[in-house]
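Here is the structure we will look at, set down as structure tokens.
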Ligand code: ATP
């Protein structure tokens, strides 16, 4: 059989009262692949990430590495190797880069954790360093976010999701605010991360980044997948152009 995807969904649906935010979504992401999820504002992209990672209630199946996880908590899904970033992925300005990652993995309450961080105790040996190396931020581990470029800050956000052996990462507008040059560098970094075998689902409004870096794309409109395929195929798809690219 073909290699099984790292992450797949089947019939995924989310309703907020009368609003159908996601409907009947089937997607698959393999290890090493960067898959884009695009669509107009309100199409349901963030809702999809919320549903897959367990932060909102959904119908349908979520399969991670061959295991059904749709009934499990966000915490368990994270321990199973799937993590996400948040649209407003602010960093702790007073913590170092390494400490910003450490807060993502300490298996204790946030207060105890922050105390720990401020008093210099460290998370399990190597996991923070490993994630920083993966995104090329090893050299700035002891700096504070304000001392980094915006591109580096965005990568800290990604590294925070990668900490602890994450194999599937869902990135919700991780490049927001980057200029063209920074965004291109950010994309190259995503390719390096994927090359290590990590599966990436990428949501972004920066079409040049998405078209440039993704192996495949899914297009959402009104909560449904209206098209999928290579960046080339998507750009030529009349339904996509009508719903989205034409007005972008
Ligand atoms: P954007 O690109 O603007 O971030 P999106 O594609 O991520 O949009 P979602 O944020 O997932 O879209 O929203 C999908 C739909 O669900 C929208 O109609 C939105 O108003 C609605 N929605 C999202 N979150 C909630 C909520 N907590 N309660 C009610 N409706 C919600």
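Residues that are surrounded by 18 or more Cβ atoms within 10 Å (Cβ to Cβ) and either more than 9 Å from the ligand (Cβ to nearest atom) or part of a loop (DSSP other than H, G, I, E, B) (or both) within the stretch 14-31 comprise 23, 25, 27, 28, 29, 30, 31, listed in sequence order.
The criterion of being within 29 Å of residue 147 (Cα to Cα), surrounded by fewer than 19 Cβ atoms within 10 Å (Cβ to Cβ) and away from the ligand (no atom under 13 Å from the Cβ) holds for residue 94.
A search for C-beta distances below 6 Å between a residue of the stretch 34-61 that is under 13 Å from residue 220 (Cβ atoms) and in contact (Cβ under 8 Å) with a residue 24 or more places away in the chain and any residue that is within 7 Å of the ligand (Cβ to nearest atom) and in a helix (DSSP H, G or I), counting only pairs 6+ apart in sequence or on different chains, returns 37/45; 39/45.
Name the single residue, out of those in the stretch 1-12 being part of a strand (DSSP E or B) and buried (at least 20 other Cβ atoms within 10 Å of the Cβ), that is farthest from the ligand (Cβ to nearest atom). Steps first, answer last, please.
Keep residues of the stretch 1-12 that are part of a strand (DSSP E or B), which gives 7-12.
Right, trim to buried (at least 20 other Cβ atoms within 10 Å of the Cβ) and you get 7, 9, 12.
Values: 7: 18, 9: 15, 12: 12 Å.
Among residues in the stretch 1-12 that are part of a strand (DSSP E or B) and buried (at least 20 other Cβ atoms within 10 Å of the Cβ), the one farthest from the ligand (Cβ to nearest atom) is 7.
For residue 177, state whether it is at pLDDT below 95, farther than 24 Å from residue 212 by Cα and surrounded by fewer than 20 Cβ atoms within 10 Å (Cβ to Cβ). It is false that residue 177 is at pLDDT below 95, farther than 24 Å from residue 212 by Cα and surrounded by fewer than 20 Cβ atoms within 10 Å (Cβ to Cβ). Just one of the listed residues (157, 146, 187, 164) is modelled with pLDDT under 95, buried (at least 19 other Cβ atoms within 10 Å of the Cβ) and either in contact with a helix residue (DSSP H, G or I) (Cβ under 6 Å, 6 or more places away or on another chain) or farther than 22 Å from residue 47 by Cβ (or both), and it is 164. Taking the stretch 159-238 and the helices (runs of 4 or more DSSP H) fully enclosed by it, the elements with 1 or more residues that are closer than 21 Å to residue 25 by Cβ are at 207-213, 231-236.
Answer yes or no as to whether residue 43 is crowded, with 21+ Cβ neighbours inside 10 Å and outside any strand (DSSP E or B). Working first, answer last.
Numbers: crowded, with 21+ Cβ neighbours inside 10 Å: yes; outside any strand (DSSP E or B): yes.
Yes.
Filtered by the rule that a residue be within 16 Å of the ligand (Cβ to nearest atom) and in contact with a helix residue (DSSP H, G or I) (Cβ under 8 Å, 6 or more places away or on another chain), the stretch 63-88 gives 74, 84, 85, 87.
The values are calculated or read from the model by the stated rules, or taken from the named source; none is laboratory data. Small disclaimer: the values here were computed from a predicted structure and weren't measured. Note: ideal-geometry Cβ built from the backbone for every residue, glycine included; neighbour counts use all protein chains shown.
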